[in-house]
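Working notes, structure below.
The values are calculated or read from the model by the stated rules, or taken from the named source; none is laboratory data. Treat the numbers as computed from the prediction; the structure is a model and nothing was measured. Every residue, glycine as well, gets a Cβ built from its backbone with ideal geometry; the counts of neighbours run over all protein chains shown. The area values use the complete protein model at the heavy-atom level, side chains included, leaving out ligands, DNA and RNA. Shrake-Rupley method; radii C 1.70, N 1.55, O 1.52, S 1.80 Å.
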Amino acid sequence: MKTWLITGTSRGLGRELTEQLLARGDRVAATLRDPSRLAGLAGYGDRLWVRPLDVTDTVRLREVVDAAFAELGRIDVVVSNAGYGVIGAAEELTDDHIDDLIATNLTGSIQLVRAVVPHLRAQGGGRILQVSSMGGHMAFPGFSLYHTTKWGIEGFFEALAPELEPFGVRTILVEPGMVRTSFYSAVQRAAVHAAYASNPAIMRGDAVPVEDMPGDQAKVAAAMIDAAGLDAPPRRLLLGSDAYGRVHAALSDRLADVEAQKDLAHSTDVS
Ligand SMILES: NC(=O)c1ccc[n+]([C@@H]2O[C@H](COP(=O)([O-])OP(=O)(O)OC[C@H]3O[C@@H](n4cnc5c(N)ncnc54)[C@H](OP(=O)(O)O)[C@@H]3O)[C@@H](O)[C@H]2O)c1
C-alpha cells in the first residue's frame, strides 16, 4: 500500500486520482478547499485522510503537510494538482486575476514542494508529481496568465529535479492536453475590452466544446499512477494526442529558430 498526498481533490483529476487510488487499496491524504465535497467517499476508513486546504494559504499548507507526515508516517507520492485558468487578453486582466492565479498555480505549487521536501529527504525518497500542461511548452493567445504559471512551474522543476535526485526524490511534470474535467467550466473570464472583441485568436465563448477535448480523465489519472510507480520515472509525462502534436510542433519551431541564430549567437562572444 502506497500513501499519496494530493491537492485539489474536490473534482476533476484530483478527485479521479483519489477514487482510483482508494479503489486499488492505496491510502490518500486528500486536501481540498471544502472537505464536504468528499462526503460521498465514505467507507475507506483510515485509508482516506482529509484536511481542508486552500493552496494559497502557505501557513496552513505547511501545517497540513506536517500533520500528514506526522500522522501517516510516510508519504510516497505527492501530487500538486490544484489549479485553474483565466481567459482574457493581457490588457483585459485585472490585478486580482494576476495575483490569484499566480498564488494558486505557481506559488502554491512551489510552496507545496518546499513544505514536503524536508519530509521526503528524511524518509529517504519519494515522488512529486506536478500537474503542468502542454501549455507549459506552447501558448494560446488569450491565456497568457495561465501559461505564465505553467511555464513558470516547468522552470522551477527543471532546476529542482537534479537538486532532489541525490535524495531519492524523483519529480514528474505531468503535461496533459485538453482533458474532459470541470476545468473549462471553472475557467474565469476577464471582461472583454472593445479593442480585442473581434480578435479571432482569443478563445471566447462559453466553453471549449467537449468533443474537441481528446483527454480522458480516468486514463490521464491512471497514467499518472503508473508513472509514479516506476523505478526511474520520466521527468516529463506528456499525455494526450493534442499534447504530443502541439508540444512537438512548438519545440520543433523553437529548435529551428535556435539553428537560424547559430551564427549570430556565436558572433557576440569575446573574440
Ligand atoms: N483539464 C485540462 O484540460 C487540463 C489540461 C492541462 C492541465 N490541467 C491541470 O490539471 C490540474 C487539475 O485541473 P482539472 O482539469 O482537474 O480541473 P478542475 O476539474 O477544475 O479541478 C481543479 C481543482 O483545483 C482545485 N483548486 C482550485 N484552486 C484551488 C485552491 N486555491 N486551493 C485548493 N484547491 C484549488 C479545485 O477545487 P475547488 O472545487 O475548491 O474549486 C478543483 O479541485 C490543474 O493544475 C490544471 O491546470 C488541466
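The table for this structure:
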quantity	calculated
Residue in the stretch 30-47 that is nearest to L17 (Cα to Cα), counting only those that are within 16 Å of the ligand (Cβ to nearest atom) and over 22 Å from the mean Cα position of the chain (by Cα)	L41
Which numbered condition A195 misses (of (1) of a type in the set (A, V, I, L, M); (2) surrounded by 12 or more Cβ atoms within 10 Å (Cβ to Cβ); (3) part of a helix (DSSP H, G or I))	(2)
Restricting the stretch 130-168 to residues that are part of a loop (DSSP other than H, G, I, E, B) and among the polar types (S, T, N, Q), the residue that is nearest to the ligand (Cβ to nearest atom)	S133
Yes/no for S185 being within 14 Å of the ligand (Cβ to nearest atom), free of Cβ contacts under 8 Å to residues at least 24 places away in the same chain and more than 29 Å from R127 (Cα to Cα)	yes
Conditions (1) out of contact with any helix residue (DSSP H, G or I) (no Cβ under 7 Å at 6 or more places or on another chain); (2) under 25 Å from A186 (Cα atoms); (3) open to solvent by less than 10 Å² (accessible area, probe 1.4 Å); number of the one not met by F157	(2)
Within the stretch 107-129, considering residues that are more than 12 Å from the ligand (Cβ to nearest atom) and among the β-branched types (V, I, T), the one farthest from L13 (Cα to Cα)	V117
Residue in the stretch 163-173 that is surrounded by 15 or more Cβ atoms within 10 Å (Cβ to Cβ), free of Cβ contacts under 8 Å to residues at least 40 places away in the same chain, touching a strand residue (DSSP E or B) at 6+ places or on another chain (Cβ under 8 Å) and of a type outside the set (S, T, N, Q) present	no
Residue list for the stretch 15-27, restricted to those being within 14 Å of the ligand (Cβ to nearest atom) and either of a type outside the set (K, R) or surrounded by fewer than 22 Cβ atoms within 10 Å (Cβ to Cβ) (or both)	E16, L17, T18, E19, Q20
